[in-house]
Structure formats: structure tokens, C-alpha cells
Amino acid sequence: LAKTTQPISMDSYEGQEVNITCSHNNIATNDYITWYQQFPSQGPRFIIQGYKTKVTNEVASLFIPADRKSSTLSLPRVSLSDTAVYYCLVGVFNDYKLSFGAGTTVTVRA
Amino acid sequence: EAQVTQNPRYLITVTGKKLTVTCSQNMNHEYMSWYRQDPGLGLRQIYYSMNVEVTDKGDVPEGYKVSRKEKRNFPLILESPSPNQTSLYFCASSTGTSAWYEQFFGPGTRLTVL
């Protein structure tokens, strides 16, 4: 697994856009970037996955620059319910192993 | 409803008393996995199963056993629990044949070993 570095915590206010950047300098050619969200006392939930450029779904956008050494998860117009831990993961599709780091704790305030 | 279920949700036990945490999924997923979550350490993978009768170690397998006799069930067995296995445990299943497809997680089992 490629090592990832992401901020430990971030604060935001309702209605703002939250951008979480993940650094993965040693990403390999076949690696994909995946983000999960975890609410307190619940299991993680898959948010988005991408390989390059931009991926968007109903929950978030994922921006990946050409060198793929970092990626940014963008959460538009957050609400209090977006308070959670967000995990950035990098790895290949045929890998059976997966562990999550400490993630980024995002706190949204009113 | 498509889901992963775990039982029990909460368990307090004593050192050395064998226990089993059950995990079941109703999505016909081939890949299943167990994780433990401890403060400041994220989720660490204990064991995974690529398909029926095929299992392998994750990053922290010591003190745990698993079995995969049926596609839908993947129990976690602690033969002789110790206090350092006090943790929050999650079972997950994947839409594909590896960990990197979307994983669906169960609600968690909070285990305390005294």
C-alpha cells in the first residue's frame, strides 16, 4: 500500500466547502485513490474512488492532478451531519489487504 | 435490505473464555474482511476471505481465527481472549473480489475483555 498523509483534523461551518488533501508521493502506476467516511460508532462508508483527473458523485468530488502525488476530496456545502472522519486510501485493485490510517476528523459547526 | 450484520453488538467477557463474533452479508459478495479499530490507530485488518474456504491473514491476525464455510458468513473467533483484544470490531464485504472494490461495513461489535 502506498503511504498516505492527510491532516489530522479540520474545522468548518455549515454551508462551506471542505477540501481535504491527501499526499501520496509514492503512488504506483496501478494504484487507485479511495475515500471513506466514518461517523461516530458506525462502520466506514465508501464515498468515492478515482484514478486520475476528476471524479464526481452525489456526495463529493475527487480531484487528482496529473502527477497523482496528491488528491483532494471536496465536500460541497457541508452540514452538521458531515461531521465525521475521512480516510484516504491508495492501492491496487487486485490487493486483498487494506488497512485504514487515522484519517482526518472534520468537524462542522453551526 | 442489503446489509452486513454482526452479533453481538456489545460483549464483555473475561480473559481466556472463548468467544465468536458472527458476521453475515446478504449481498452475495465473495470478499469479506474483519477489522479492529483502536483510538489513534485507524482500522487495522485482521483477516480476509477471497471466497468460500479461502482465508488469509491481514496486518494483525495474532490471537484470532476465522472460517468461511458459506459465502454469506464469516465468523471471527477468539480462542483465548486477552485484555489487549479489547476493541471495536467491524466486518465488511466487498462488491468485487478484493478489498479495493466498495466495501460495506457492519455496525460494529464493541468487545471488552477483563
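We did not get these values from a lab; they are worked out from the coordinates using the rules stated. Predicted model, so just to flag it, every value in this text is computed and none were measured. All Cβ positions, glycine included, derive from the backbone under ideal geometry; neighbour counts span all protein chains shown.
A few points about this structure:
- Using a Förster distance of 30 Å, the FRET efficiency for A:F93-A:N19 (Cβ separation, nearest 0.05): 0.70
- Measuring nothing but alpha carbons in chain A and taking Rh as the Kirkwood radius, the Rg to Rh ratio lands at 0.95.
- Using only Cα coordinates, the Kirkwood hydrodynamic radius of chain B works out to 13.9 Å.
- Separation of alpha-carbon centers, region B:19-35 and region B:38-114, rounded to whole Å: 8
- Cross-link table A:K97/B:K65; B:K17/B:K71; A:K54/A:K97; A:K69/B:K57; A:K3/A:K54, entries beyond 23 Å C-alpha to C-alpha: B:K17/B:K71; A:K54/A:K97; A:K69/B:K57
- Size check on region B:1-57: the Cα extents along the three principal axes, sorted descending, read 34, 24, 23 Å.
- Over chain B, relative contact order from alpha-carbon pairs under 8 Å, at least 6 apart, %: 35
- Projected over every direction and averaged, the convex hull enclosing the alpha-carbon atoms of the protein assembly as shown yields 12.2 nm².
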